[in-house]
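Peer 1: Please find one structure pasted underneath; my questions will follow.
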Amino acid sequence: MTWLKTVVLASVVVGVVAADWNQWRGPGRDGVSAETGLLAEWPEDGPDLVFEAKGLGAGYSSFAFADGRLFTQGQKDRKQYLIALDAETGEMVWETEHGKPYSNGRGDGPRGTPVLDGDSVYVLGGDGSLIRARQLDGETVWRIDLLKKFGGRNIRWGLSESPLIDGERLIVNAGGPGASVVALDKNSGEVLWKSQDDEAGYSSAVVAEVGGVRHYVLLTAAGAVGLRAEDGELLWRYAPVANRTANVATPIVRGNQVFVSSDYGTGGALLELKAENGGVTAEEIYFTRDMRNHYSSSVLVGDTLYGYSSRILTALQFSTGEVLWRDRSVGKGQVIVAEGRLYLLGEDGVVGMAEADPGEYREISRFDIGRGDYPTWTLPAIHDGRLWIRDQDSLFAYRIR
């Protein structure tokens with residue numbers, strides 16, 4: 001029977017996948033984890049806490065993982081730091097100071113999440129400090145003060161973008177005149193192109209490719225834009241999704257369609273992208289006030305968007321805009337998805353898991369980590385069979401496999 005035990009064991013190992021989570025919202029920048037073999041429900045008091053680590057400092061930066069390390073950023077002793085922790089123990093590996101301190105009544109410190117590429121880590125601080133550092137030891141390779149270099153000004157709640165790496169380009173919304181969005185050489189930091197005049201938004205860029213035309217989609221302060229990857233040329237602009245306060249959510253791309261959304265009484269829209277005459281145009285399929293993403297972004301599972309419309313968790317049919325259900329769930333918060341289940345983090349510290357079911361809200365489990373001085377606004381992550389949650393200075397690693 002030894003051979004049978006070997007086959008069964010091999011089947012179990014093959015069925016458990018640990019997927020990379022190397023940047024903002026995971027490998028696809030879409031909030032979807034490819035990990036499998038996760039718990040179908042949690043104990044009443046929550047999954048096992050592997051460790052709680054302190055010392056991250058203030059901030060809302062989420063996580064990226066590589067080679068047994070976790071990367072984030074935080075502010076302490078009036079300095080911003082890029083931080084590497086041992087992902088197995090939570091112990092500090094190194095921290096690299098960068099940028100001036102950023103202070104705000106809604107929480108101090110950096111907001112952007114690191115992005116990992118090769119042996120490097122890139123991150124944007126709340127004050128506009130953009131750096132490339134070595135993953136091994138945190139040594140800074142280059143640093144740019146975005147606001148100073150491109151003539152922009154900081155926005156009300158601090159620059160919050162998580163930079164996009166695409167091939168040799170690093171894309172960031174600098175918010176300067178003639179340099180709203182810039183492409184930098186990721187190796188040297190040299191400027192490859194500059195485009196538009198919009199003030200910066202709080203959104204992070206994603207890639208869309210339509211008819212062989214590769215371009216970047218993001219929300220600036222003035223609306224959703226599509227910029228040609230090669231030279232930054234404006235291909236299309238969609239203003240109705242913008243508000244005068246904060247455009248935050250990351251666009252969601254599916255094939256030749258993109259969903260964009262903001263809150264403050266605005267709404268969301270599904271756009272159809274069409275390749276025409278060597279460029280791309282965007283045409284509105286529908287506009288809805290039933291998915292108003294505030295500080296969080298929706299996730300797409302099949303043809304259903306799950307996201308927070310202001311304070312209410314909402315399931316919306318992606319292709320038509322029809323509301324399928326609404327529920328107060330764990331309260332206003334964040335959502336990511338793995339194995340067909342929604343992982344929810346409310347801003348008051350309630351953590352939940354629910355089925356990604358377009359028919360109804362079906363909660364499976366929940367537990368409470370409590371809330372500190374500020375809301376739990378940091379996007380959680382799933383990596384190596386663990387659910388990673390941050391509340392300012394504290395990091396919680398829960399075993400969910």
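Taken together, the values in this text are just the output of simple stated rules run on the coordinates, not laboratory data. Note that the coordinates shown come from a computational prediction; the quantities given were computed from them, not determined experimentally. Neighbour counts run over all protein chains shown; Cβ positions are idealised from the backbone, glycine included.
Peer 1: Return the distance in nm (one decimal) between the two label points of a simple spin-label model at ILE364 and ARG156, each offset 7 Å from Cα along Cα→Cβ.
Peer 2: 3.8 nm
Peer 1: Return the subset of LYS194/LYS274; LYS54/LYS149; LYS79/LYS332; LYS148/LYS186; LYS274/LYS332; LYS54/LYS100 for which the Cα-Cα distance in this structure is over 27 Å, preserving the input order.
Peer 2: LYS54/LYS149; LYS79/LYS332; LYS274/LYS332
Peer 1: In nm, to one decimal, how far is the modelled label at GLU97 from the one at ASP20, with both set 7 Å along Cα→Cβ?
Peer 2: 3.3 nm
Peer 1: Could I ask something else about it? What percent do you get for the relative contact order of the range 17-399 when only Cα pairs under 8 Å and 6+ apart count?
Peer 2: Normalised by residue count, the contact order of the range 17-399 is 14 percent.
Peer 1: Another question, then. Got a sec to turn the phi values of the range 104-115 into Karplus ³J(HN,Hα) couplings, 6.51 cos²θ - 1.76 cosθ + 1.60 with θ = phi - 60°, whole Hz, x for Gly and Pro?
Peer 2: 7, x, 9, x, 7, x, x, 10, x, 9, x, 10
Peer 1: Could you work out how far apart the two model spin labels at LEU136 and ARG237 are, taking each label as a point 7 Å from the Cα in the direction of the beta carbon, and quote it in nm?
Peer 2: Going by the 7 Å Cα→Cβ label model, 4.6 nm.
Peer 1: Next question, about the same structure. In the range 268-311, whose amide N lies under 13 Å from the spot 7 Å out along Cα-to-Cβ of THR320? List them in ranges.
Peer 2: Counting backbone N atoms under 13 Å from the label point, the list is 303-304.
Peer 1: Share of Cα-Cα pairs in the chain beyond 28 Å, in percent?
Peer 2: Within the chain, distances greater than 28 Å cover 44 percent of Cα pairs.
Peer 1: Moving on to the next point. Sort LEU70, LEU147 so that the residue with the fewest other Cβ atoms within 10 Å of its own Cβ comes first and the one with the most comes last.
Peer 2: LEU147, LEU70
Peer 1: Please give the Cα centre distance for the range 222-260 versus the range 193-221, rounded to the nearest Å.
Peer 2: So the two Cα centres are separated by 6 Å.
Peer 1: Now for a separate question. Using the Karplus equation 6.51 cos²θ - 1.76 cosθ + 1.60 (θ = phi - 60°), what ³J(HN,Hα) coupling, rounded to whole Hz, does each residue of the range 251-261 give in order, writing x for Gly and Pro?
Peer 2: In residue order, the calculated couplings are x, 10, 9, 9, x, 9, 10, 9, 9, 10, 7 Hz.
Peer 1: Once amide H atoms are built 1.01 Å from N in the peptide plane, which residues 5 or more positions from ARG362, or in another chain, come under 5 Å H to H?
Peer 2: Long-range HN contacts for ARG362: GLU355, ASP357.
Peer 1: Convert each backbone phi in the range 49-56 into a coupling constant with the Karplus relation 6.51 cos²θ - 1.76 cosθ + 1.60 (shift: θ = phi - 60°), then list the ³J(HN,Hα) values in order as whole Hz, x for Gly and Pro.
Peer 2: 7, 6, 6, 10, 10, 10, x, 6
Peer 1: Search the structure for amide H atoms under 5 Å from the amide H of ASP368, placed 1.01 Å from N in the peptide plane, and list their residues when 5 or more places away or on another chain.
Peer 2: Sorted by chain and number, the residues that satisfy this are VAL351.
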